[in-house]
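Asker: Could you have a look at this structure, given as structure tokens, before my questions?
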Amino acid sequence: MPSYYLRYYYAHDEVLREQQAGPRRAEAVQAVEKALLEIYADLSMNTKPEILAQRGGAFYSVADDIRGLISAVAGYERLALDAALHGGRERVVRAMLAHPLVGQFDKAERLTDLLLAGNSQFLPWAR
């Protein structure tokens, strides 16, 4: 099964270059989400909007050759959710460390510090 997410792992240097040159992924997703909410406000809408394909995440399913990667990402997602719900720098570091593209303690700590510094206004426990 194809998976859009595999590109983030198997071509991460290329994806990083593209994202550094263009709009940030979060900004692009927010724009798509805004457009989708406007489309979904129309109660007569009964077809899949074309713009949904730009959201990504389709085909996020298990295939024998990527099961381990998807399992690792799912583990990261559980740890990230735990950090988001319960707070704490150590929880964030654990989540970052579990992510397949981080996997190194010094990087996990640096990314955690950047994430907390840039988002402390949204995280009461990080102030």
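Asker: If you go through the stretch 96-103 one residue at a time, do you hit one that is in a helix (DSSP H, G or I), surrounded by 10 or more Cβ atoms within 10 Å (Cβ to Cβ), touching a Ser or Thr at 6+ places or on another chain (Cβ under 8 Å) and without any contact (Cβ under 8 Å) to a residue 24 or more places away in the chain?
Answerer: yes
Asker: Further, regarding this structure: For the condition surrounded by fewer than 17 Cβ atoms within 10 Å (Cβ to Cβ), among the charged types (D, E, K, R) and within 23 Å of GLY68 (Cα to Cα), what is the one hit in ARG78, ARG110, ARG91?
Answerer: ARG78
Asker: Any idea which of ALA58, ALA95, ALA74 is modelled with pLDDT of 95 or more and not β-branched (Val, Ile, Thr)?
Answerer: Going through ALA58, ALA95, ALA74 in turn, just one is modelled with pLDDT of 95 or more and not β-branched (Val, Ile, Thr): ALA95.
The values are calculated or read from the model by the stated rules, or taken from the named source; none is laboratory data. Everything numeric in this text was worked out from a predicted model, so none of it was measured. When we count neighbours, we look across all protein chains shown, and the Cβ atoms used for this are built from the backbone with ideal geometry, even at glycine.
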